[in-house]
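**Student:** Take this structure first; my questions come after.
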Amino acid sequence: MKTAFATLGLALLVFAGCAGQKKTEIDFIQDNIDNAVAQHTLQTDIIEKSGKVLNPRTIDKDGSIHYIPIDDWCSGFFPGNIWFTYELTGDKKWIPLAEKYTEALDSVQYLTWHHDVGFMIGSSYLNGYRRLGKEEYKPVIIQTAKSLSTRFRPGAGVIQSWDADKGWQAQRGWKCPVIIDNMMNLELLFEASLMSGDSTFYNIAVSHANTTMKNHFRADNSCYHVVDYDPETGEVRKKQTAQGYADESAWARGQAWAFYGYTMCYRYTHDAKYLEQAEKVYNFIFNNKNLPEDLVPYWDFDAPNIPNEPRDASAAACTASALYELSTYVPNKGYKETADKIMESLGSPAYRAAVGTNGNFILMHSVGSIPHGAEIDVPLNYADYYFLEGLIRKRDLEKK
Ligand code: GLY
């Protein structure tokens, strides 16, 4: 009898413990939803009062909000953040704002001079399509995939990221530079292929992912930032960096793009080699001696003055979001728990700004490009974007 009571007591204790833990998770999610609502209310009030469609990316040195034109690679993230706020709250008042900020990007579908249209239209129109099933967004997504496909170089099997004949890129001697970030643009191609039934987009995405897998990674599973190809022959001309510390270093956000990119490629292809690649990148990141306890990396894993180097919250947020997805494909390796730990760090006062500060962005402490002297230790709209996407994914997983 004594044993039966003891067992019952233990069971109740475990149950209470689990319930307590569940409650903490729910509190965490709700607290971050409330915070996103507060910051986005302030941000959209400023925009609406201006009478213009402004697109906030970061803050300038004087603390003022930095707005960007629609051809900036970050223009999709703020509309995406408003779609995410709608999804997190279910409050329909966000819909007209999300639609307005999204539809301001209409002409981006014809943009062919850089590769980032996948980010731009994926974060805005594709999120709107996913949430509301808006049929009129489909042709925009498909046209964007066509524009992105004009940058495919069949001789090399890759999408050219940047033009090499103008701007700072022209000084690097590149012919067909491909950056690891480009993996993120493949999501739009996969989606456009499903929407249109045109397998060309799918085939381009797979070719790009395979060629990148072959040429972008080092023996330790970290990746280069830039690989330059001969567009006719596919010969690799150079392996370098643009935003990392050195050609042979591991730029933190680049590792995050690779990790997210291959996890997402598995979603659409179910090809095990993409899952393996994602797990290899995971092993590089999470076994790295320079990854801090709170799992928010320095801007480059090989930055020279660690621990006195800026962190990059955007890399951490992107990694956390991808980890939630990976945890659904590989449920038994603690990936969700690792993602939770990153989210806890990002949601703490060390990274999450007080309401009304930080230009009304959610997260502090990201890095744009240290070699360019740009956006060092600032908020970035894409850090917020992947943090909110991670929050949605976490909430969906907790519900199960
Ligand atoms: N795609 C540019 C960056 O990650 O900064």
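Every number here is computed from the coordinates shown, using simple stated rules; none is lab data. Bear in mind that the values here come from a model prediction, so they are computed numbers and not experimental data. Backbone-built Cβ (ideal geometry, glycine too); neighbour counts: all protein chains shown.
**Student:** Can you compute the helix-only [θ] at 222 nm over the chain? Use -39500 (n - 2.57) per DSSP H run of at least 4 residues, normalise by all residues, nearest 500 deg cm²/dmol.
**Tutor:** The helix contribution divided over the chain gives -17000 deg cm²/dmol.
**Student:** Let me ask something else. Per Stokes-Einstein, at 25 °C and 0.890 mPa s, what whole-number D in µm² s⁻¹ belongs to region 227-374, with the Kirkwood radius over Cα pairs as the hydrodynamic radius?
**Tutor:** D = 150 µm²/s.
**Student:** Note down the nm distance, to one decimal, between modelled labels 7 Å out along Cα→Cβ at D247 and at E344.
**Tutor:** Going from the D247 label point to the E344 one covers 4.2 nm.
**Student:** So what's the projected area for the chain, the Cα convex hull averaged over all directions, in nm²?
**Tutor:** 21.7 nm²
**Student:** Measuring from label point to label point, each 7 Å out along Cα→Cβ, what is the D45 to R130 span in nm?
**Tutor:** According to this spin-label approximation, the distance is 3.0 nm.
**Student:** For region 133-222, take the alpha-carbon Rg, divide it by the Kirkwood Rh, and send me Rg/Rh.
**Tutor:** A ratio of 1.03.
**Student:** Thinking of region 282-360 as a set of Cα atoms, what percent of all their pairs are more than 19 Å apart?
**Tutor:** Roughly 40 percent, rounded to a whole number.
**Student:** Which one of V281, Y266, N305 is farthest out on the positive end of the charge dipole of region 228-316, using unit charges on Cβ (Lys, Arg +1; Asp, Glu -1) and the Cα centre as origin?
**Tutor:** Y266
**Student:** Mean 1/r over all different Cα pairs, inverted: what Kirkwood radius does region 341-400 give, in Å?
**Tutor:** Kirkwood hydrodynamic radius for region 341-400: 12.4 Å.
**Student:** Right, here's the next one. Give me the orientation-averaged projected area of the Cα convex hull of region 69-113, in nm², one decimal.
**Tutor:** Values: hull surface 12.4 nm².
Reported value for the Cα convex hull: 3.1 nm².
**Student:** Compute the Rg to Rh ratio over region 271-324 from the alpha carbon atoms, using the Kirkwood formula for Rh, and round to two decimal places.
**Tutor:** On the Cα set of region 271-324, Rg over Rh gives 1.02.
**Student:** Where the only charges are on Cβ atoms (+1 Lys, Arg; -1 Asp, Glu), what is the dipole of the chain about its Cα centre, to the nearest 20 debye? If you can, show how the numbers build up before the last one.
**Tutor:** Numbers: 40 positive and 50 negative charges, 157 e Å.
Approximately 760 debye in magnitude.
**Student:** Also: With a ≥ b ≥ c taken as the square roots of the eigenvalues of the C-alpha gyration tensor of region 47-192, please select rounded if a/c is under 1.5 and otherwise prolate if a/b is larger than b/c or oblate if it is not?
**Tutor:** Oblate.
**Student:** Suppose every K and R has +1 on its Cβ and every D and E has -1 on its Cβ; what is the size of the dipole of region 356-400 about the Cα centre, in Debye to the nearest 20?
**Tutor:** That gives region 356-400 a dipole magnitude of about 320 debye.
**Student:** For a Förster distance of 22 Å, can you work out the FRET efficiency between the beta-carbons of N203 and E276, rounded to the nearest 0.05?
**Tutor:** Efficiency for this residue pair is about 0.55.
**Student:** Can I ask one more? For W174, enumerate residues with amide H under 5 Å from its amide H, sequence gap 5+ or separate chain, H modeled in the peptide plane.
**Tutor:** For W174, whose amide H was placed from the backbone, there are no distant partners under 5 Å.
**Student:** A further question on this structure: In what sequence, highest mean first, do 51-61, 69-79 appear when ranked by Cβ atoms within 10 angstrom?
**Tutor:** Taking the mean over residues of other Cβ atoms within 10 Å, the ranking is 69-79, 51-61.
**Student:** Another question about this same structure. Modelled label-to-label distance, R267 and E232, 7 Å Cα→beta-carbon offset: nm?
**Tutor:** Inter-label distance under the simple model: 3.9 nm.
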